Every structure is written in structure tokens, then in C-alpha cells.
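Below: one structure, written as C-alpha cells.
The values are calculated or read from the model by the stated rules, or taken from the named source; none is laboratory data. Note that the structure is a prediction, hence the values are computed from the model and not measured. Positions of Cβ are generated from backbone atoms using ideal geometry, with glycine treated the same way; all protein chains shown enter the neighbour counts. For the accessible areas, the whole protein counts, side chains as well, though only heavy atoms, and no ligand, DNA or RNA atoms are used. Shrake-Rupley method; radii C 1.70, N 1.55, O 1.52, S 1.80 Å.
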Amino acid sequence: QVQLVESGGALVQPGGSLRLSCAASGVGFRRYDMGWYRQAPGKQREFVGNIIGGVSTTYADSVKGRFTISLDNAKNTVDLQISSLKSEDTALYYCNARPLFGRQSFWGQGTQVTVSS
């Protein structure tokens, strides 16, 4: 059974940094597309970035150069390092897992990031 639990969200000042973590159980990273998404108030959920098969990463244009996805295989977590935070990064951040050969899609409960001075 796949379970995803996000953590690390916080209130941060503009220009600050934050590291989000997604604890993934029941997931083998080499067989999954692990993604981060976010949803701001009043907006649709949007793609932030992902890591496919534990190797290849892609990012939304809006976060390139500021967001980095990495894996911690010892802890079985997918981490999202965020730097140079902007007010428009304020959102509920979700972890997503999709098997490379399957149609399922699993979501965590989200972790809140608020960027404000």
C-alpha cells in the first residue's frame, strides 16, 4: 500500500529557503514517477517538478533554478529544496506517486508553505 506523508512546510520570509520532505512507503523509486505539485488559494493544482525512475528530473518553468528535487534512499523520502522564495510560492504543496507502468496516482495530504514578511 502506497502512503505519502509530506512535511517541512512553514512560514518563511521572501528570499528565504525551505526543504520539504515526502516520506514514501510502498514505493520503489526506480519504478515510480515521484512528483511535487502545489495549489495556491483560488487556483488549480499545478505541477512543480518530478523525478522519474529515481534518475531524471523535470521542473516547471516558474521554479527552474530555485527548486531542486532529490531522493534520500536511506530514508525513502523525496525532498524538495526551495530557495529564493517568493510570495507567489505560497501554496499547499503535495507529493504524488505514479507507477511508471500503471494508471494509479497517489497523493499525500499536503504541507503548507507561506511566504510573507
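For the range 85-101, the set of residues classified as in a strand (DSSP E or B) and either at pLDDT below 95 or not hydrophobic (A, V, I, L, M, F, W, C) (or both) consists of Tyr93, Tyr94, Asn96, Arg98, Pro99, listed by residue number.
Against the conditions (1) farther than 16 Å from Pro14 by Cβ; (2) assigned to a strand (DSSP E or B), Gln104 satisfies every one except (2). Reported count of residues in the range 53-84, each being open to solvent by less than 40 Å² (accessible area, probe 1.4 Å) and in a loop (DSSP other than H, G, I, E, B), is 6. What do you reckon, is Tyr59 of a type in the set (Ser, Thr, Tyr), touching a Phe, Trp or Tyr at 6+ places or on another chain (Cβ under 8 Å), at pLDDT 95 or above and within 22 Å of Gln109 (Cα to Cα)? In short, yes.
Number of residues in the range 85-107 that are open to solvent by 10 Å² or more (accessible area, probe 1.4 Å) and not polar (S, T, N, Q) equals 12. Could you grab me the full set of residues in the range 32-45 that are in contact with a strand residue (DSSP E or B) (Cβ under 6 Å, 6 or more places away or on another chain) and not polar (S, T, N, Q)? Matches in the range 32-45: Tyr32, Asp33, Met34, Gly35, Trp36, Tyr37, Arg38, Ala40, Arg45. Looking only at the range 15-30, residues that are exposed (fewer than 14 other Cβ atoms within 10 Å of the Cβ), more than 17 Å from Thr111 (Cβ to Cβ) and either in contact (Cβ under 8 Å) with a residue 24 or more places away in the chain or not small (Gly, Ala, Ser) (or both) come to 3 in all. Screening Arg45 with (1) open to solvent by less than 70 Å² (accessible area, probe 1.4 Å); (2) closer than 20 Å to Thr111 by Cα; (3) in contact with a Phe, Trp or Tyr (Cβ under 6 Å, 6 or more places away or on another chain) gives one miss only, at (1).
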